[in-house]
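Contents: one structure, followed by commentary.
Where a number appears in this text, it was derived from the coordinates with a stated rule and is not lab data. A quick note: this is a predicted structure, and the numbers were derived from the prediction, not measured. Glycine gets a Cβ as well: all are built from the backbone with ideal geometry, and neighbour counts include every protein chain shown.
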Amino acid sequence: MLFTEMQEQVRDMARGFADEVIRPMAEALDRDERFPAELYQDMAKLGLFGIGVPESLGGPGFDTLTYAVVMEELSRGYASVADQCGLVELISTLLVRHGTAAQQKLLAPILAMQAKVAYCITEPEAGTDVSGIRTTAERDGTGWRLNGGKIWIHNAPVADLGFVLARTDKEAGNRGMSIFIVDLHAKGVERGPKEHKMGQRASQVGALTFTDVRLGPDAMLGEAGRGFHMMMSVLDKGRVGIASLAVGIAQAGLEAAVEYAGTRKQFGKAVAEFQGVQWLLADMAKDIEAARLLVQSAASKIDRGQDATKACSIAKCFAGDMAVARTADAVQVFGGSGYIRGFEVERLYRDAKITQIYEGTNQIQRMIIARELLKKGARA
Ligand SMILES: Cc1cc2nc3c(=O)[nH]c(=O)nc-3n(C[C@H](O)[C@H](O)[C@H](O)COP(=O)(O)OP(=O)(O)OC[C@H]3O[C@@H](n4cnc5c(N)ncnc54)[C@H](O)[C@@H]3O)c2cc1C
């Protein structure tokens, strides 16, 4: 992929920051399951949040390809950190596209990480099938009253603002949902305990319960009844983000495996000299490169205003599956050490798994790919 000078500069800045600051912290953050607030303040100062927000609204106004490249580099450092960047990108894309001028004033504190955000769709009975959500927002004077609950929400234990999908019309199916911007410190909001996860353990995930939470007349984002469509419309970009994150995890695994194979000696020579190990490394490198190109091609389609849905699902599905398989190879190159806590590849393998699950599971990506093929033809 050919990059502009600006894209290379941004990539190099993100790469340097990941190498010097993020990667050295990653093991401790994973072990302690700690939200690195101070790190996010530093990243905000470097302009690493809200990469696609236009300059007129206080962001750097970079394209999706630049976003993909930054996500990969941050994830090479530590996937939880990239995930925070991806979350802010999703929310700020919603605000840029659908927010009123007053709501867009929230972009400044969000990009500065003064206001931490949460993207709240999933409920106990509504995971893949978002149409099953039961959270409701009912008219209450000029405003709304919110009742219900969400689970497995990234940032829920620490967030200040929730972007909450709720039913505003019980009879209208997917056209009866709307998005509300909810102050998570308001009366009636309760947070569940932090979940203890397999990987990406610095990302704080938990439940939110809403009991008669009063929302003002300006709390709704965009039009009533368009919430489902709006949430789904940012998912192409979201999938590019998660696919890039998966590539970054696998790339970190490859780097660690190459280094280890060159230094670990058995039978009197470095294990890198054995063809069995070389082929593992070669397979890792070729699949990572293939995934990277798929991601960057999907990002470029979004930037050119082309229909990118199939490309984004292919990239997300391939990159997620690839990251799980190839970080397993990285563990293999390390032998027993790869299975021991404290070795980077052990964490990378755990961090990779969720990329097959969130932002639409990889079964759902396959459904989308097949649907697009059958609707538009195999060459579209
Ligand atoms: C760490 C983490 C962070 C998360 N962050 C957020 C967040 O910030 N905000 C948010 O709203 N949600 C979040 N989620 C929730 C996540 O989006 C859901 O877990 C995901 O959408 C899958 O839903 P589910 O877990 O209920 O699985 P289910 O929908 O119950 O699926 C179970 C299995 O069935 C398969 N399946 C379901 N339907 C079909 C079908 N039609 N065809 C084929 N297979 C199917 C699935 O692929 C899966 O393998 C997070 C989850 C985790 C674990």
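With a cut-off of 8 Å between alpha carbons and a minimum separation of six or more residues, what is the relative contact order of region 5-111 in percent? Relative contact order, region 5-111: 31 percent. The separation of region 125-195 from region 222-276, counted between C-alpha centres, amounts to 31 Å.
Dipole magnitude for the chain: computed about the Cα centre from +1 point charges on Lys and Arg Cβ and -1 point charges on Asp and Glu Cβ, it is near 780 debye. Of all lysines in the structure, those lying under 29 Å Cα to Cα from Lys375, and not within fewer than 8 positions of it along the same chain, are Lys237, Lys301, Lys310, Lys316.
In the chain, the calculated helix contribution to ellipticity at 222 nm averages -16500 deg cm²/dmol per residue, counting -39,500 (n - 2.57) for every DSSP H run with n ≥ 4.
If you take the Cα centroid of region 1-53 and the Cα centroid of region 91-109, the two points sit 23 Å apart. Can you work out the FRET efficiency for the pair Tyr339 and Glu171, with r the C-beta to C-beta distance and R0 = 41 Å, to the nearest 0.05? Calculated value: 0.15. Per residue, the convex hull around the alpha carbon atoms of region 231-376 comes to 106 Å³. Restricting attention to region 117-229, close to 85% of DSSP beta bridges with both partner residues there are antiparallel. Can you tell me the relative contact order of the chain? Whole percent, Cα pairs under 8 Å, sequence separation 6 or more. So the answer I get is 17 percent. With each label modelled as a point 7 angstrom along the Cα→C-beta vector, the Ala102-Glu38 pair spans 3.9 nm. Sorted ascending by nearby beta carbons within 10 Å, beginning with the fewest, Tyr78, Tyr339, Tyr260, Tyr67 become Tyr339, Tyr260, Tyr67, Tyr78. Legend: calculated FRET efficiency, Asp140 to Met1, from the Cβ-Cβ distance at R0 = 45 Å, rounded to 0.05, equals 0.30. Computed on region 231-376, with alpha-carbon pairs under 8 angstrom and 6+ residues apart, the relative contact order is 33 percent. Note on region 5-111: percent of Cα-Cα distances in each 5 Å bin, starting at 0 and stopping at the bin with the largest distance, equals 2, 12, 24, 24, 17, 11, 6, 2, 0. When DSSP beta bridges are restricted to pairs lying wholly in the chain, around 85% turn out antiparallel. Only helices reaching 24 angstrom along their own axis (Cα) with mean Kyte-Doolittle hydropathy no lower than 0.5 count here, and for the DSSP H runs of the chain these are 79-98, 235-263, 309-334. Taking 1.002 mPa s as the viscosity and 20 °C as the temperature, the Stokes-Einstein diffusion coefficient of region 117-229 based on its alpha-carbon Kirkwood radius rounds to 153 µm²/s.
Using the Cα coordinates of the chain, the gyration tensor eigenvalues translate into equivalent-ellipsoid semi-axes of 36, 22, 20 Å, sorted from longest to shortest. Sorting 105-112, 54-61 by their mean Cβ neighbour count within 10 Å, with the most densely packed peptide first, gives 105-112, 54-61.
When Thr327, Thr4, Thr122 are arranged by Cβ crowding within 10 Å, least crowded first, meaning fewest neighbours, the order is Thr4, Thr122, Thr327.
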